[in-house]
Amino acid sequence: MRNYIRDKTQGGCYFLTFNLLDRKSSLLLIHIDKFRDAYAKTIQHHQFKLDAMVVLPDHVHIMITLPPNSDNYAVIVASIKSQFSRQITKTEAITPSRQAKRERGIWQRRFWEHRIRDDADYRQHMDYIHHNPIKHGYVTNPQNWQYSTLHKLIKKGVYPSDWGTDENDKNINIRYDV
């Protein structure tokens, strides 16, 4: 088994992605209220600032900033995943390996983590998150995707009200090799 070395910068800002085991599933949208509840329970018990999030049918992109004395993003991801899983009726097949580890067959075991390095990296990942529903073909305008922080960020003035509506928009900073 691989031994991944994770960045453990205290107070860092992190772009995180976690996926359902069944990438063809729409479980996250079918149970969006349960996902929201799992997120709410997590933020009650773990300190962090939400910078951006998008929930897609089979995966979540989230960017969070940790407090100065914390590097616990892995605990945050585990909490969201477990809080969500506990609310879902057990219908999936569970392998002996997952049974031994007391895991459900809902989530992939691992998650992707990237520490944000500077302002340009921050902006690029913010844009990537909010443009992701277009990338996957769910909408043609990111403002039409309701499971995103884009709407709140437009209200706060972080993004212009017409952000992402024009493919040639110079304000969009997206690389899909994130």
Legend entry - Cβ-Cβ under 7 Å pairs, at least 6 apart or on other chains, region 67-81 side in contact (Cβ under 8 Å) with a residue 60 or more places away in the chain, far side surrounded by fewer than 16 Cβ atoms within 10 Å (Cβ to Cβ) and among the polar types (S, T, N, Q): S70/Q10; S70/Q47; D71/T9; D71/Q10
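For R110, state whether it is at pLDDT 70 or above, surrounded by fewer than 16 Cβ atoms within 10 Å (Cβ to Cβ) and within 22 Å of K34 (Cα to Cα).
Values: at pLDDT 70 or above: yes; surrounded by fewer than 16 Cβ atoms within 10 Å (Cβ to Cβ): yes; within 22 Å of K34 (Cα to Cα): yes.
Here the answer is yes, as R110 does meet what is asked.
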Inset, instruction - Considering only residues that are within 19 Å of P142 (Cβ to Cβ) and either among the hydrophobic types (A, V, I, L, M, F, W, C) or touching a Ser or Thr at 6+ places or on another chain (Cβ under 9 Å) (or both), look in region 1-29 and name the one that is surrounded by the fewest Cβ atoms within 10 Å (Cβ to Cβ). - result: L29
Inset, instruction - Taking K24 as the residue in question, decide whether it is farther than 15 Å from S148 by Cα, in a helix (DSSP H, G or I), touching a residue at least 12 places away in the same chain (Cβ under 8 Å) and over 15 Å from the mean Cα position of the chain (by Cα). - result: no
Inset, instruction - Kindly provide the set of residues from region 105-156 that are without any contact (Cβ under 8 Å) to a residue 12 or more places away in the chain and more than 17 Å from P57 (Cα to Cα), ordered by number. - result: R109, R117, D118, D119, D121, H151, K152, I154, K155, K156
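Tell me yes or no: at least one residue of region 46-56 is farther than 12 Å from L16 by Cβ, in contact with a strand residue (DSSP E or B) (Cβ under 8 Å, 6 or more places away or on another chain) and surrounded by 16 or more Cβ atoms within 10 Å (Cβ to Cβ).
Residues of region 46-56 farther than 12 Å from L16 by Cβ: 46-47, 49, 55-56.
Of the ones still in play, those that are also in contact with a strand residue (DSSP E or B) (Cβ under 8 Å, 6 or more places away or on another chain) are 49, 55.
Remaining after also requiring surrounded by 16 or more Cβ atoms within 10 Å (Cβ to Cβ): 55.
Yes, region 46-56 has at least one match.
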Legend entry - So R123, is it at pLDDT below 95, surrounded by 14 or more Cβ atoms within 10 Å (Cβ to Cβ) and of a type in the set (D, E, K, R): no
Inset, instruction - Identify all residues within region 36-64 that are assigned to a helix (DSSP H, G or I) and within 11 Å of the chain's Cα centre (by Cα); write none if there are none. - result: Y39
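Would you call I32 of a type in the set (A, V, I, L, M) and crowded, with 16+ Cβ neighbours inside 10 Å?
On the way: of a type in the set (A, V, I, L, M): yes; crowded, with 16+ Cβ neighbours inside 10 Å: no.
Judged against the criteria, I32 is not a match.
The values are calculated or read from the model by the stated rules, or taken from the named source; none is laboratory data. What you see is a predicted model; the values in this text were computed from it and never measured. Because the Cβ atoms are built from the backbone with ideal geometry, glycine has one as well, and the counts that use them run over all protein chains shown.
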